[in-house]
Amino acid sequence: MSSVIAGDKTRSAVPLPPGEMQSVVEEELWAAAFIDIHTHLFMPSLGENGLWGIDNLITYHYLEAELFRSSPIAPGEYFQLSKREKADTIWRALFVEHAPVSEATRGVVAVLNAFGLSAESRDLTEAREFFEHRTLDAHISRVFQLAGISEAVMTNDPLDPDEAPLWERGAAPDSRFYPVLRLDRILEKWPEHWQALEGRGYRVDANAGGGSADEVRRFLAEWVERMRPVYMAVSLTDTFQFPEDSVRARLLSGAVLPACREFGIPLSLMIGVRRLVNPALRLAGDAVGKADLRAVEYLCREYPGNRFLVSALSRENQHELCVYARKFANLMPFGCWWFLNNPSVVEEMTRERLEMLGTTFIPQHSDARILEQVIYKWKNTRRTMAPILANCYRLMSEDGRPATREDIRSDIARLFRTNFELFAGLRK
Ligand code: HDL
Ligand code: ZN
């Protein structure tokens with residue numbers, strides 16, 4: 001073994017003094033390339049579905065919601081504007097007229113700063129000029145490098161009229177992106193979408209009766225073959241119940257769960273959305289509700305051959321999700337989702353997960369919709385995580401088990417990479 005490696009190996013096994021814990025954790029957090037296990041990003045071969053650049057960054061639905069609190073413009077008037085006019089309106093209201101101190105506005109500042117662009121301009125001329133000259137493929141690699149991620153997991157909808165044809169024509173895979181089979185139109189919106197399946201030759205009906213579940217399973221098998229998803233996923237409302245006498249329950253038990261077992265992939269359940277509490281805000285109009293996680297308990301217990309990635313949207317569901325994860329090894333809690341992805345809440349959730357689960361969970365995903373968001377979302381995650389992890393090692397050391405750089409490096413890899421790779425069957 002060369003002296004450098006030996007030196008590194010020896011160095012990494014040296015017990016760390018308490019005063020060095022945080023700096024070593026920070027170093028190792030930035031040295032590690034994470035997998036971003038849930039995003040709305042798209043590989044280049046999925047074309048215009050993939051959003052990037054300053055006008056998309058600023059018209060993010062999180063910022064649209066904040067706009068209507070800082071500007072007299074009515075949603076109806078705003079949504080009539082062009083993308084650039086929307087971005088100019090948001091920039092003026094949230095970045096010029098007021099300091100961008102919220103998580104989502106500060107995120108845009110961090111992205112501009114990462115590319116050496118000013119966040120103090122009165123308009124978007126400089127930023128637009130910069131992004132207009134980026135070449136997407138190289139830009140993706142640079143953005144991932146700045147974000148410290150090696151792969152992003154997509155959200156791919158086999159019934160989306162814009163996306164599905166690209167897959168059917170053979171969208172070129174990209175090693176930086178993992179596909180996911182998204183099931184909302186089937187499980188949550190069957191009445192609006194069952195005829196799209198019928199039109200493709202699947203013998204299904206409005207009540208998902210008869211052989212509908214078998215036909216949906218056939219549809220899923222064809223898309224697993226085409227897409228090679230690392231998991232299947234669905235976003236569920238706060239009222240989700242299972243078991244129950246419903247179309248959703250019949251399709252879950254008769255098609256989705258057996259298909260996930262057949263193909264050896266997890267099912268991701270993101271639970272707790274209250275859809276369009278303010279329809280006028282469109283994508284920004286969703287809110288949150290406390291869910292009944294006994295449905296998760298039932299699924300994990302009664303379907304031991306399935307693996308469940310679970311993210312709950314309500315802060316009030318987090319502690320019980322940790323307790324359930326202690327009861328079921330086929331349950332993997334992940335992320336601080338959506339309204340939870342703010343340092344004040346991330347800190348509470350991450351500390352209770354470490355206290356109850358050790359390093360056997362997935363702390364975060366970005367949920368990025370716009371490519372460059374991964375830069376700030378993962379910068380913020382590392383900034384929030386560092387003192388929390390350092391505290392764990394300090395306590396462990398104080399209680400009699402010295403912490404080493406190797407411990408820290410190995411735990412960070414487990415939290416942000418191998419827990420997912422093992423759970424998704426990407427690694428044995
Ligand atoms: O259903 C989901 O995957 C959610 O993440 C929604 O897309 C939501 O609008 C969102 O972007 N949250 O961050
Ligand atoms: Zn999402």
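So residue 380 ticks every box in (1) without any contact (Cβ under 8 Å) to a residue 60 or more places away in the chain; (2) open to solvent by 10 Å² or more (accessible area, probe 1.4 Å) but one. Which box is left unticked?
Unmet condition: (1).
Quick one: count up the residues across region 87-101 that are surrounded by fewer than 16 Cβ atoms within 10 Å (Cβ to Cβ) and small (Gly, Ala, Ser).
Count: 1.
Here's a check for you: in region 301-324, which residue that is farther than 25 Å from residue 342 by Cβ and among the charged types (D, E, K, R) is least open to solvent (accessible area, probe 1.4 Å)?
Result: 307.
Counting just the residues of region 333-361 that are in a loop (DSSP other than H, G, I, E, B) and touching a strand residue (DSSP E or B) at 6+ places or on another chain (Cβ under 9 Å), which one comes out farthest from ligand 2 (Cβ to nearest atom)?
360
So how many residues does region 238-279 have that are within 16 Å of ligand 1 (Cβ to nearest atom) and either surrounded by fewer than 17 Cβ atoms within 10 Å (Cβ to Cβ) or not assigned by TED's automatic domain parsing to the domain that holds residue 301 (or both)?
Of the residues in region 238-279, 7 are within 16 Å of ligand 1 (Cβ to nearest atom) and either surrounded by fewer than 17 Cβ atoms within 10 Å (Cβ to Cβ) or not assigned by TED's automatic domain parsing to the domain that holds residue 301 (or both).
For region 224-240, give me each residue that is free of Cβ contacts under 8 Å to residues at least 60 places away in the same chain, within 16 Å of ligand 2 (Cβ to nearest atom) and under 22 Å from residue 422 (Cα atoms).
Within region 224-240, 232, 234 qualify.
Being modelled with pLDDT of 95 or more and more than 27 Å from the chain's Cα centre (by Cα): is that true of residue 248 here?
no
Can you pull out every residue in region 205-228 that is in a loop (DSSP other than H, G, I, E, B), open to solvent by 10 Å² or more (accessible area, probe 1.4 Å) and not charged (D, E, K, R)?
206, 207, 209, 210, 211
If you take the residues in region 336-360 that are out of contact with any Cys (no Cβ under 8 Å at 6 or more places or on another chain) and either closer than 14 Å to residue 419 by Cβ or hydroxyl-bearing (Ser, Thr, Tyr) (or both), which one is nearest to ligand 1 (Cβ to nearest atom)?
344
Those residues that are away from ligand 1 (no atom under 16 Å from the Cβ) and open to solvent by 10 Å² or more (accessible area, probe 1.4 Å), I need them from region 29-62; list them, please.
If the condition is that a residue be away from ligand 1 (no atom under 16 Å from the Cβ) and open to solvent by 10 Å² or more (accessible area, probe 1.4 Å), then 30, 31, 32, 33, 44, 45, 47, 48, 55 are the ones that fit.
With respect to residue 290, is the statement that it is among the charged types (D, E, K, R) and in contact with a Ser or Thr (Cβ under 8 Å, 6 or more places away or on another chain) true?
Taking the combined requirement at face value, the residue satisfies it.
The values are calculated or read from the model by the stated rules, or taken from the named source; none is laboratory data. Remember, it's a predicted structure, so these values are computed and weren't measured experimentally. So basically every Cβ, Gly included, is an ideal-geometry build from the backbone, and we count neighbours across all protein chains shown. These area figures cover heavy atoms from the full protein model, side chains too; ligands, DNA and RNA do not enter into them. Shrake-Rupley method; radii C 1.70, N 1.55, O 1.52, S 1.80 Å.
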